[in-house]
Each structure stands twice: as structure tokens, then as C-alpha cells.
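Colleague: One structure is given below, represented as C-alpha cells, and several questions about it will come after.
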Amino acid sequence: MSIPKTSHLISSILVVLLAAAPVPSEAHHSFAAEYDSLKPVTVTGVVTRVEWTNPHTYIYVDVTDKDGKVTTWGFEMGPPHMLQRAGWKKNSLSIGEQVIVDGWMARNRSQYANARKVTRVSTGEVLGAASSGGQTLTGNPGGARPDTP
């Protein structure tokens, strides 16, 4: 059975249109461009939001200072697939749960950082959260900073 030429033409046009369609993308950045490896930070607070999205997962933590003032901190973590390989699940953290987050400060934003590890206060469980490859819970291999290979 032969396919009419019109069908070939329509199929070809559809293929061209699909190939030319804009694909949403998000700019990706290097660790060194966004974060300062010489400015480690540790905060203790309550989880208020978890964004389990690509290309990075984010958690938001309300931190209360000694005067009772609450400040929300945002932490970038690795992508969901990398966190899952490290033992995370979508429900690893609950809203309202107290955590300790260790990471590195953002270069141009206050109360924003790249998380290296998240410790659940209730259980002491430590979850690796780093978005820069090769990082470990105890630091970087060979003592290298996260912005160096």
C-alpha cells in the first residue's frame, strides 16, 4: 500500500516544526560563580518549604535569632536524581521539622546559600545535599574547595 504524498509533506512539516520549537531551559551556573567557598555557614531552623525541582532542589528554613527575629534562608541543593542516589526521598524533610544546614554563602545575596549537608535534629540523620560533584559530608576529596576540580 502506498502512502499519499500529502501525508509525507505533512509529516515533514510537523518534524521541522517540532525540531524548531523553543525548548525551555534554565541557565546553569558554576559553584564559584554563585557561591563563596571561603564563607561557610551553618544555620539551625525550621523547614518552611521544599522545592523538589530540576535542575536543583531548594529548601527554605526559618531561623530565629536570640531576639526572636525570624529570617528565612534559602538553600540550593543538588538535582533530585543526585539527591535520590544519596538516599533522599521527596518526603525526607517535613514542613515544620527542625534542621541544621551547613553550606556556603551566596556571593550576592544574604540569607541564601548552597547546602552541603542537612541534619535532621529529631533523629540526627545527616543527608548530603551538595550540588557540586565530588563533595562529601566531611568535606571535599583531598581538601579541594568546591570550585576547584
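The values are calculated or read from the model by the stated rules, or taken from the named source; none is laboratory data. No experiment lies behind these values; they were computed from the predicted model shown. Note that we place each Cβ from the backbone using ideal geometry, even for glycine, and neighbour counts take in every protein chain shown.
Colleague: Could you please find all residues in segment 29-47 being over 10 Å from N114 (Cα atoms), surrounded by 15 or more Cβ atoms within 10 Å (Cβ to Cβ) and within 16 Å of the chain's Cα centre (by Cα)?
Modeller: Hit for segment 29-47 is V47, nothing else.
Colleague: Okay, moving on. Answer yes or no: is there a residue in segment 126-147 that is over 17 Å from the mean Cα position of the chain (by Cα) and either modelled with pLDDT of 90 or more or part of a strand (DSSP E or B) (or both).
Modeller: Yes, segment 126-147 contains at least one residue that is over 17 Å from the mean Cα position of the chain (by Cα) and either modelled with pLDDT of 90 or more or part of a strand (DSSP E or B) (or both).
Colleague: Hey, does segment 39-54 have a residue that's at positive phi and at pLDDT below 95?
Modeller: Scanning segment 39-54 turns up no residue that is at positive phi and at pLDDT below 95.
Colleague: Still on this model: What are the residues in segment 59-78 that are of a type outside the set (D, E) and either surrounded by fewer than 16 Cβ atoms within 10 Å (Cβ to Cβ) or in a helix (DSSP H, G or I) (or both), if any?
Modeller: V63, T64, K66, G68, K69, V70, T71, T72 - these are the residues of segment 59-78 that are of a type outside the set (D, E) and either surrounded by fewer than 16 Cβ atoms within 10 Å (Cβ to Cβ) or in a helix (DSSP H, G or I) (or both).
Colleague: Please specify each residue of segment 64-99 satisfying the condition of being more than 11 Å from the chain's Cα centre (by Cα), without any contact (Cβ under 8 Å) to a residue 24 or more places away in the chain and closer than 25 Å to E34 by Cα.
Modeller: V70, Q84, R85
Colleague: Checking R116 against (1) among the basic types (K, R); (2) at pLDDT below 95; (3) surrounded by fewer than 20 Cβ atoms within 10 Å (Cβ to Cβ), which test does it fail?
Modeller: (3)
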